[in-house]
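Comments concern the structure below.
The values are calculated or read from the model by the stated rules, or taken from the named source; none is laboratory data. No experiment lies behind these values; they were computed from the predicted model shown. For neighbour counting, all protein chains shown are included, and Cβ atoms are generated from backbone atoms with ideal geometry for every residue, glycine included. Just the protein is used for accessible areas: all its heavy atoms, side chains included, with ligands, DNA and RNA removed. Shrake-Rupley method; radii C 1.70, N 1.55, O 1.52, S 1.80 Å.
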Amino acid sequence: MAHPSRKEYGFIFLVLTVLTALEVGVVYLHIGRLGLVTSLIGLAVTKAFLVGWFFMHLKSDSKSMKLTVAIPFMFPALYAFVLIAEATWRRIW
Amino acid sequence: MSASVAAEHADHPPAHGHKDDHGHAPPSDQYGTATNGKIAMWLFLVSDAFSFGGLLIAYGILRSGSHTWHHKAGELGWKYATEPKLGINFTAGLTFLLICSSVSMVMAYAAAADKDRKGTLLWLGLTILGGLLFLTGQYHEYFGIWAPGLTKEGLTFGHSAYASTFYLVTSFHGLHVATGTLYLIITWIRTARGKTDETDIELVGLFWHFVDLVWILVFTFIYLL
């Protein structure tokens, strides 16, 4: 397996730190609810991907390993979207 | 590979196609150089992610379906004090702390890959410190150390969906941090005795990064949204 590069880890650390600061900043901007939800979820998913791809070494793992991890995660995401959208719709209407 | 393990290898090298004594299967077409332990850890982490997924989806449904989330004193049907809001700045600090301990974890792995035991022990030690500090922070948030905690400010498990989901999700994650810290301490001791190699460090690293990854999502859904 490729030798882990400390410089790469350092860069990912900086990116994660900046994204975390952005997240807190977005909350204090008091933008609209939809904008807040989409930007925060986008930032969180990006950070989670960076941790998985670089720190958990999925980047240098085989395709099968990547699929073994990625495919199951699609289902909770699908359930979350459908069920939460349905609950929201029921509240609004 | 540590001296004692190398010695073991010399006595009886792995037969063709079979695992060597350290559990390292020869590279396979499907999973490359991933050891059986690593594949098993990933399968466990995916199943554990479903546990968190279930809790977070339930939280999402309850919150998006409710007209009132934070209850205020005097509200119709609410007989308690106003529920406190969650502190964002403090938990942003905890988030940064976990990110730092994720970095020290990969540095430990890099040192182990270089067969640098002293460096591995140093970085593992810093990762353990990160875990202990996070747990201390979470204890302070719940019960208060230098200021009153949420339990004293009126956020009571069982009074509202807001309180119950908060304590359930964050304590479930806290248990994972405690387990991970214990796993790291055991790995530190085994490393000091020369009983580990980089694959052992990678395994504990996978669990620890998963704990950080879950907190990234918990921080967003529970605290920021």
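3J(HN,Hα) along segment B:58-69, derived from phi through the Karplus expression 6.51 cos²θ - 1.76 cosθ + 1.60 where θ = phi - 60°, amounts to 4, 4, x, 5, 4, 6, 6, x, 9, 6, 10, 9 Hz, with x in place of Gly and Pro.
Heavy-atom accessible surface of the protein assembly as shown, averaged per residue, reaches 50 Å², computed with a 1.4 Å probe. In the context of the full protein assembly, A:Val27 retains an accessible surface of approximately 20 Å², using a probe radius of 1.4 Å and ignoring ligands and nucleic acids. Figure note: A:Asp61, B:Asp29, B:Asp114 ranked by solvent-accessible area, largest first, 1.4 Å probe, ligands and nucleic acids not counted: B:Asp29, B:Asp114, A:Asp61. Computed from phi, the 3J(HN,Hα) profile of segment A:74-89 under the Karplus parametrisation 6.51, -1.76, 1.60 (θ = phi - 60°) reads 5, 5, x, 5, 5, 4, 4, 4, 5, 5, 6, 4, 5, 5, 5, 4 Hz, with x in place of Gly and Pro.
Heavy-atom accessible surface of B:Met105, to the nearest 10 Å², is about 0 Å², with a 1.4 Å probe and all protein chains retained.
Can you give me the % of accessible surface on the protein assembly as shown that is carbon or sulfur? Probe 1.4 Å, all protein chains present, nothing else counted. Write down the numbers at each step before the final one.
Working: 11050 of 15770 Å².
Here it works out to 70 percent.
What are the semi-axes of the equivalent ellipsoid for segment B:50-121, taken as the square roots of 5 times the Cα gyration tensor eigenvalues, largest first, in whole Å?
Working: eigenvalues 384, 53, 12 Å².
Square roots of five times the eigenvalues give 44, 16, 8 Å.
Rolled with a 1.4 Å probe across the full set of protein chains, the surface gives B:Lys85 an accessible area near 140 Å².
Across segment B:208-213, rounded Karplus estimates of 3J(HN,Hα) from the backbone phi angles (6.51 cos²θ - 1.76 cosθ + 1.60, θ = phi - 60°) give 5, 5, 5, 4, 5, 4 Hz, Gly and Pro being marked x. The alpha carbon convex hull volume per residue for the protein assembly as shown rounds to 135 Å³. The angle separating the long axis of helix B:88-113 from the principal Cα axis of greatest extent in chain B is about 0 degrees.
In debye, nearest 20: dipole of chain B around its Cα centre with unit charges on the Cβ of K, R (+) and D, E (-)? Provide the component values of the computation, followed by the final result.
Working: 13 positive and 17 negative charges, 146 e Å.
The dipole of chain B has a size of about 700 debye.
Taking the convex hull of the Cα atoms, report for chain B its projected area averaged over all directions, in nm².
Working: hull surface 58.4 nm².
With the hull built on Cα positions only, its mean projection is 14.6 nm².
Beyond 31 Å in Cα-Cα separation lie the following of the pairs A:Lys7/A:Lys66; A:Lys63/B:Lys118; A:Lys47/B:Lys195; B:Lys38/B:Lys85; A:Lys7/A:Lys63; A:Lys63/B:Lys115: A:Lys63/B:Lys118; A:Lys47/B:Lys195; B:Lys38/B:Lys85.
Largest first, what is the accessible-area ranking of A:Lys7, A:Lys63, B:Lys195 with a 1.4 Å probe? Spell out each step's value before the answer.
Numbers: A:Lys7 175, A:Lys63 155, B:Lys195 110 Å².
Order by accessible area, largest first: A:Lys7, A:Lys63, B:Lys195.
For segment A:6-92, the Cα gyration tensor yields ellipsoid semi-axes of 28, 22, 5 Å (square root of five times each eigenvalue, largest first, whole Å).
So for B:Leu225, B:Leu135, what's the accessible-area order with a 1.4 Å probe, most first?
Listed by decreasing accessible area, they come as B:Leu135, B:Leu225.
Calculated over segment A:47-93, the projected area of the Cα convex hull averaged across directions stands at 3.9 nm².
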